[in-house]
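K.L.:
Just passing along the structure, written as structure tokens.
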Amino acid sequence: MTPTADESHGFGRVVALNEACKQLLARSFQVNLLALDAMVQSKRGGGRVRGFDEVSSQMRMWSRDLHAKLEQLGELSAEVVQRTSLLTKEAHVLRLIGEAVRSSGHPGAQRALDECRDARDASSHALAIDWRKIMELLSDLDQLGMMACVLSRSAMIEACGAGPELRTQLDHVSREFYANALSVVDILAEALKAMQQQGNP
Amino acid sequence: MKKATTLFENGDHSWRVLARDPALPSHLVDTNEYLISSRGSALLTDPGGQEVFPSVFSALSAAADPRTLTHIFASHQDPDVISSLALWLSFKPDLKCYTSWLWNTFIPHFGGTAETFISVPDHGATIELGSRPLQIVPAHYLHSSGNIHLYDPGAKLYFSGDVGAALLPPDANELFVTNFERHIRFAEGFHRRWMGSREARDAWCARVSRLEIDMLCPQHGAIYRGRDVQRFINWFSELEVGVLKLGG
């Protein structure tokens, strides 16, 4: 079974996706920890940093949302591997029966070829639907990344309300939030680029 | 999907086993795949049959970047060992596959070109992964007539293919041997029937007894650790093999 460029690229796309998911998962854990720590610190600051406490709590929810979306992506990725494997095998059978048709010209072989082509087209269609779902999820994730950028900007503003002792710490945390939010956006952009380099799904 | 479990890790050198897919259909024999990584290169032992490819690929992807995979190691020619080759090559066409020279024109029926295969001579070889030496150990007639194992002297882990394999029932499907006496019952029938040569068995037992092995990692069943490694070698050295007694 000699692979075609399309088959190789099908697996390549899913690898680009999986590697991005691993990096995003690390960001989600990091933001969760940061937010927890920030919530504890802002409790110490009392009423002056109630806004910061609220934003930190939002960031924590954000990291959970991110985690949930990544789990969905993980499931879809496994499904795509399954379908790409099947499609690779079907494409191989199609090539071999095609050779048989060319060498024999027998109507029975032609019928078999047509059936195989139908099966391959059905698999191809199912795979395209999975990829569409993945692209929708990636778009949701991109919006989540933007939302985190906005939230962390709010955190920076709220940090200014803290007393001098706490201000530096909260300012540092909000900058960490921002750096992670920007990373999420960057990772997604890189992943989409890597996936496009492997060809459009 | 299979799950990846780390068996050894020291800096950039690691062994992971990909095993135990709860969704594996019962008509397929269960297999263990081992991913050995060193300095940005990785080798996968007996990558499995084509039916388990999606599960192995997904588990491998969760544990490591599959693009680092550079080599496949096929202990012998069986379909549960290497029939997924074409799918791995679909993912990465320049993968190289180590196998006994005996199967050079047989395994390509599963896929690959002449450039895919690296022939291993009968006496074995020392290869490099990353910058780490790995020893290919001959194990011919155990069970295949061209059979090879892989020893990693840095990790002290030994991939033993079908030697040490056990066909475990679902309620005793542990990843590591915890009770040798109980476990070996599931290995006995397999070794009596599959291992065809007493002479080859004796030579193998003598050869591996000289190696420092922390874990003996078979392609099926549970992994032997610590003292159970030598217990297995002793048990195997005394087992009656190569005899089929037909009833009636």
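K.L.:
In the range A:25-37, which residues are touching a residue at least 40 places away in the same chain (Cβ under 8 Å) and within 14 Å of chain B (Cβ to nearest Cβ)?
P.N.:
A:LEU25
K.L.:
On the given criteria, is A:VAL55 within 14 Å of chain B (Cβ to nearest Cβ), crowded, with 19+ Cβ neighbours inside 10 Å, of a type in the set (A, V, I, L, M) and assigned to a helix (DSSP H, G or I)?
P.N.:
Values: within 14 Å of chain B (Cβ to nearest Cβ): no; crowded, with 19+ Cβ neighbours inside 10 Å: yes; of a type in the set (A, V, I, L, M): yes; assigned to a helix (DSSP H, G or I): yes.
The answer is no for A:VAL55.
K.L.:
I would also like to ask the following. Tell me, yes or no, whether the range B:160-183 has at least one residue that is buried (at least 23 other Cβ atoms within 10 Å of the Cβ), in contact (Cβ under 8 Å) with a residue 60 or more places away in the chain and in a strand (DSSP E or B).
P.N.:
Looking for residues that are buried (at least 23 other Cβ atoms within 10 Å of the Cβ), in contact (Cβ under 8 Å) with a residue 60 or more places away in the chain and in a strand (DSSP E or B), one finds at least one in the range B:160-183, hence yes.
K.L.:
Can you tell me how many residues in the range A:55-87 are of a type outside the set (Val, Ile, Thr) and under 22 Å from B:LEU60 (Cα atoms)? I'd like the intermediate steps shown before the answer.
P.N.:
Just the residues of the range A:55-87 that are of a type outside the set (Val, Ile, Thr), to begin with: A:56-79, A:82-83, A:85-87.
If we keep only those that are under 22 Å from B:LEU60 (Cα atoms) too, we end up with A:67-79, A:82-83, A:85-87.
The number of residues fulfilling the criteria is 18.
K.L.:
In the range B:17-53, which residue that is over 16 Å from B:ASN173 (Cα atoms) and in contact with a Gly (Cβ under 6 Å, 6 or more places away or on another chain) is surrounded by the fewest Cβ atoms within 10 Å (Cβ to Cβ)?
P.N.:
Looking at residues that are over 16 Å from B:ASN173 (Cα atoms) and in contact with a Gly (Cβ under 6 Å, 6 or more places away or on another chain), I get B:ARG39.
K.L.:
Within the range B:78-94, is there a residue that is among the aromatic types (Phe, Trp, Tyr) and over 19 Å from A:GLN82 (Cα atoms)? Full working, then the answer.
P.N.:
Quick first cut of the range B:78-94, residues among the aromatic types (Phe, Trp, Tyr) only: B:88, B:91.
Imposing the further condition that a residue be over 19 Å from A:GLN82 (Cα atoms) reduces the set to none.
Scanning the range B:78-94, I find no residue that is among the aromatic types (Phe, Trp, Tyr) and over 19 Å from A:GLN82 (Cα atoms), so the answer is no.
K.L.:
Continuing with this model, one more query. Can you pull out every residue in the range B:112-131 that is surrounded by 15 or more Cβ atoms within 10 Å (Cβ to Cβ) and in contact with a Gly (Cβ under 9 Å, 6 or more places away or on another chain)? Explain how you work it out, then say what you get.
P.N.:
Let us first name the residues in the range B:112-131 that are surrounded by 15 or more Cβ atoms within 10 Å (Cβ to Cβ), namely B:112, B:116-118, B:120, B:124-125, B:127, B:129-130.
Matches in the range B:112-131: B:VAL120, B:GLY130.
K.L.:
From A:SER103, A:SER152, grab the single residue that is part of a helix (DSSP H, G or I), hydroxyl-bearing (Ser, Thr, Tyr), in contact with a Phe, Trp or Tyr (Cβ under 9 Å, 6 or more places away or on another chain) and farther than 30 Å from B:PHE57 by Cβ. Break it down stepwise before answering.
P.N.:
Details: A:SER103 fails: in contact with a Phe, Trp or Tyr (Cβ under 9 Å, 6 or more places away or on another chain).
When all the criteria are applied, what remains is A:SER152.
K.L.:
Return the residues of the range B:1-13 that are free of Cβ contacts under 8 Å to residues at least 24 places away in the same chain and either within 14 Å of another protein chain (Cβ to nearest Cβ) or among the small types (Gly, Ala, Ser) (or both); say none if nothing qualifies.
P.N.:
Residue satisfying the conditions is B:GLY11 alone.
K.L.:
Looking only at strands (runs of 3 or more DSSP E) that lie completely in the range B:71-139, which have at least 3 residues being farther than 16 Å from B:LEU35 by Cβ?
P.N.:
Values: elements: B:96-100, B:117-120, B:125-129, B:132-138.
Of the strands (runs of 3 or more DSSP E) lying wholly inside the range B:71-139, those with at least 3 residues that are farther than 16 Å from B:LEU35 by Cβ span B:117-120, B:125-129, B:132-138.
K.L.:
A:LEU70 versus (1) over 30 Å from A:GLU158 (Cα atoms); (2) within 14 Å of another protein chain (Cβ to nearest Cβ); (3) not acidic (Asp, Glu): which is the lone unmet condition?
P.N.:
Unmet for A:LEU70, out of (1) over 30 Å from A:GLU158 (Cα atoms); (2) within 14 Å of another protein chain (Cβ to nearest Cβ); (3) not acidic (Asp, Glu): (1).
K.L.:
Quick one: which of A:VAL81, A:VAL49, A:VAL40 is more than 14 Å from chain B (Cβ to nearest Cβ), of a type in the set (Val, Ile, Thr) and crowded, with 18+ Cβ neighbours inside 10 Å? Give the steps one after another, and end with the answer.
P.N.:
Details: A:VAL81 fails: more than 14 Å from chain B (Cβ to nearest Cβ); A:VAL40 fails: crowded, with 18+ Cβ neighbours inside 10 Å.
Being more than 14 Å from chain B (Cβ to nearest Cβ), of a type in the set (Val, Ile, Thr) and crowded, with 18+ Cβ neighbours inside 10 Å holds for just one of A:VAL81, A:VAL49, A:VAL40, which is A:VAL49.
K.L.:
Counting only residues that are on the phi > 0 side of the Ramachandran plot and without any contact (Cβ under 8 Å) to a residue 60 or more places away in the chain, how many does the range B:43-63 have? First the steps, then the outcome.
P.N.:
Of the range B:43-63, the ones on the phi > 0 side of the Ramachandran plot are B:46, B:48.
Now narrow it down to the ones that are without any contact (Cβ under 8 Å) to a residue 60 or more places away in the chain: B:48.
Result for the range B:43-63: 1.
K.L.:
Go through (1) outside any helix (DSSP H, G or I); (2) at pLDDT 95 or above; (3) hydrophobic (A, V, I, L, M, F, W, C) one by one and return the number of the condition B:ALA200 breaks.
P.N.:
For B:ALA200, the exception is condition (1).
The values are calculated or read from the model by the stated rules, or taken from the named source; none is laboratory data. Remember, predicted model here, so these are calculated numbers, not experimental data. Note that each Cβ is placed from the backbone with ideal geometry, even for glycine, and that neighbours are counted across all protein chains shown.
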